[in-house]
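Below is one structure, written out as structure tokens; comments come after it.
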Amino acid sequence: MSLGYAEKLSYIEDVGNVGMSEFFDSSHVLQEKIERLAEMIQKSKHLVVFTGAGISTSCGIPDFRGPKGIWTLQREGKPLPEASLPFHRAMPSMTHMALVELEKAGILKFIISQNVDGLHLRSGIPREKLAELHGNSFMEVCPSCGVEYFRDFEVETIGLKETSRRCSDVKCGAKLKDTVLDWEDALPTKEMLPAEKHCRMADVFANHSCMQSAFKMSPRWGKIIIVNLQKTPKDKKASLVIHGFVDKVIAGVMNLLNLRIAPYVRIDLLQVIITQSLSLDERYVNWNLRVASVHALKAPLPFIKSIEVSFTDAQKYKAAVLHDQPFNLKRRTAPAEAFEILLKLNFSDGCGCPSIQINVPVNFKVSSDCFNLDKESAIQNLKERAIQDLCCGQNALIERKVILEPKTEVANHALVTNIKAFNSDSWSNGDVKHPRGVNGTKTSRKRSFGRKRKSRF
């Protein structure tokens, strides 16, 4: 996970303070602080949150400077921690999803993050309300037109280098670059300007990082809240310092604000491509099936381990198992035949279910009809079905297009590959009074759970 990112960084002798001791408030003190924090958040007019590595440790991503951090263990000559699942399958934590609910409720105005794991975007935070100071391991950007591409695979480089893909805009086509900073790279102006702007506007600045970059952007007149297991240089200037697990803290806050944390639903996309051509004697159709990434034909499909291909007419067509990417299958059939291909997609580690099946109808009398469903609505419907069923495996066809030369049909499918539900009651301290507002009445916020959001796949 962050192990790969750490290995890609240029070598540096001194990475700063590591192995810092952790401190925990007593349950009684933590309860009082959670109630104070909830009150400050409810009264805030412009809440800004700064997040660091600690927000993602409960996602299975090790931090760098803690007692068991990557750089701490390296300095001590100890084995590095093993990732509990692939980096690209990490799911947002309770805190990530709570921040989404605070943003939907109109309370949270902006997030500044030094994390490169992409989990704020995956959780559903709008891009325009997020500054990623150190970049994003899953983001590529076009240096020419500025378009960003949020991938389902980890980009292979860091240090703002060119990658192997190009901008998909036909008027551009420039080589893309990664967005993750190396040691010598300056903080990006595109991220710093909005971060500094919102810090100047903030009346409450909640910080979950002890890094100096966080405090360089502290609000001029607002209240500073620090939630951290380590002591920080700015503790004395903070209005409130909480030593506790951030998931437990945010669970208590959400209960006091009477806000429910929605489940996280991961949706991945792929395309099924069938290309056909007549044999030289025109007696057969030679066709090729390809299951590929929507990001680029040569891009990996990291969530697929293998594909079992079968047919509705099992006696007439030979089944196959595709183990290696790119997933390709070549066959020939009579031109007038119509049949159905059954694709059993076996998922890689970290997915919430072992496999799903999608059916692909094949008719070589290709029409020129294309359709493009409302992708936003289709994906939202998938999410709602997954939440209702509380399981993954749902899928939907969201786009179909036909290319006449060579004769090709491309079908894009959306798949629910993970769902993660959160119960803030199980995390919150049992002594926290629930739910009370700052004036002794029940706290209520209007929520827009079904609001349309711009997808970034």
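The values are calculated or read from the model by the stated rules, or taken from the named source; none is laboratory data. Here the structure is a predicted model, which means the values were calculated and not measured. Cβ atoms come from the backbone with ideal geometry, glycine included; neighbour counts cover every protein chain shown. Accessible surface areas use protein heavy atoms only, side chains included; no ligands, DNA or RNA. Shrake-Rupley method; radii C 1.70, N 1.55, O 1.52, S 1.80 Å.
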Of V410, V416, the only residue that is aliphatic (A, V, I, L, M), within 20 Å of the chain's Cα centre (by Cα) and at pLDDT 90 or above is V416
Could you list, in sequence order, the residues of the range 105-116 that are buried (at least 21 other Cβ atoms within 10 Å of the Cβ) and not polar (S, T, N, Q)?
L108, F110, I111, I112, V116
From the set of residues in the range 26-77 that are in a helix (DSSP H, G or I) and basic (K, R), which is surrounded by the most Cβ atoms within 10 Å (Cβ to Cβ)?
K33
What's the number of the only condition in (1) modelled with pLDDT under 95; (2) buried (at least 21 other Cβ atoms within 10 Å of the Cβ); (3) not β-branched (V, I, T) that E140 fails to meet?
(1)
Would you be able to say whether some residue in the range 275-288 is modelled with pLDDT of 95 or more, surrounded by 15 or more Cβ atoms within 10 Å (Cβ to Cβ) and within 30 Å of I419 (Cα to Cα)?
no
Search result, residues across the range 249-267 that are crowded, with 21+ Cβ neighbours inside 10 Å and not hydrophobic (A, V, I, L, M, F, W, C)
G252, N255, Y264, R266
Taking the range 303-313 on its own, how many of its residues are at pLDDT 95 or above and open to solvent by 30 Å² or more (accessible area, probe 1.4 Å)?
3
Residue, modelled with the lowest pLDDT, within the range 180-209, restricted to residues that are open to solvent by less than 30 Å² (accessible area, probe 1.4 Å) and over 17 Å from F110 (Cβ atoms)
D182
Of all the helices (runs of 4 or more DSSP H) wholly in the range 90-209, which have at least 2 residues that are touching a helix residue (DSSP H, G or I) at 6+ places or on another chain (Cβ under 7 Å) and not hydrophobic (A, V, I, L, M, F, W, C)?
94-104, 119-123
